[in-house]
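Colleague: Handing you a structure now.
The values are calculated or read from the model by the stated rules, or taken from the named source; none is laboratory data. These numbers were taken from a predicted model, which means no experiment stands behind them. Note: ideal-geometry Cβ built from the backbone for every residue, glycine included; neighbour counts use all protein chains shown. For accessibility, only protein heavy atoms count, side chains too; no ligands or nucleic acids. Shrake-Rupley method; radii C 1.70, N 1.55, O 1.52, S 1.80 Å.
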Amino acid sequence: MSIVPLRLIQLNKQDHPKVISSDYLRYIHWFLFQDLFVWAGKYRITRLFLSNTTFAYPEFIEQEVNKLFRYLQEQNYFQDLKKQEFCHELAGF
């Protein structure tokens, strides 16, 4: 059995910040995958390809993550949106 589901249970028992940040996102990644990958919680530094899929280039990941979190903050984390608007915004992610 994978340790990740157990780590998820542990994570859910922790206190969480009211506002999610890129640092907290990296913390979640580290917490879930710390037992599997030495690079857990760190931005990727190598290019990654899987079958016919090219993942984000590492040189742009941090800047794009920060851009997304700024947008979320500007939009008040979508808290004021109606369901349909919320789904539309969320689909953009």
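Colleague: Write out, first by first residue and then by second, each pair whose Cβ atoms fall under 6 Å of each other, whose residues are 6+ apart or on separate chains, and whose first residue, in segment 7-34, is in contact (Cβ under 8 Å) with a residue 40 or more places away in the chain while the second is open to solvent by less than 70 Å² (accessible area, probe 1.4 Å).
Modeller: Sorted first by the residue in segment 7-34, then by its partner, the pairs are S22/V65; S22/N66; S22/F69.
Colleague: Read through the list (1) in contact (Cβ under 8 Å) with a residue 40 or more places away in the chain; (2) open to solvent by 80 Å² or more (accessible area, probe 1.4 Å); (3) of a type in the set (A, V, I, L, M), then give the number of the only condition that V38 fails.
Modeller: (1)
Colleague: Related question: Determine, yes or no, whether Y77 is in contact (Cβ under 8 Å) with a residue 24 or more places away in the chain and hydroxyl-bearing (S, T, Y).
Modeller: It is true that Y77 is in contact (Cβ under 8 Å) with a residue 24 or more places away in the chain and hydroxyl-bearing (S, T, Y).
Colleague: Do we find that V65 is in a loop (DSSP other than H, G, I, E, B), among the aliphatic types (A, V, I, L, M) and in contact (Cβ under 8 Å) with a residue 24 or more places away in the chain in this structure? Don't jump to the end; show me each part of the working.
Modeller: Numbers: in a loop (DSSP other than H, G, I, E, B): no; among the aliphatic types (A, V, I, L, M): yes; in contact (Cβ under 8 Å) with a residue 24 or more places away in the chain: yes.
The answer is no for V65.
Colleague: Still on this structure: Considering F37, F31, which residue is assigned to a loop (DSSP other than H, G, I, E, B) and either hydroxyl-bearing (S, T, Y) or within 24 Å of K13 (Cβ to Cβ) (or both)?
Modeller: F37
Colleague: Residues to consider are Y24, Y43; find the one that is modelled with pLDDT of 90 or more, within 14 Å of the chain's Cα centre (by Cα) and not in a loop (DSSP other than H, G, I, E, B). Spell out the reasoning first.
Modeller: Details: Y43 fails: not in a loop (DSSP other than H, G, I, E, B).
Within the list Y24, Y43, the selection yields Y24.
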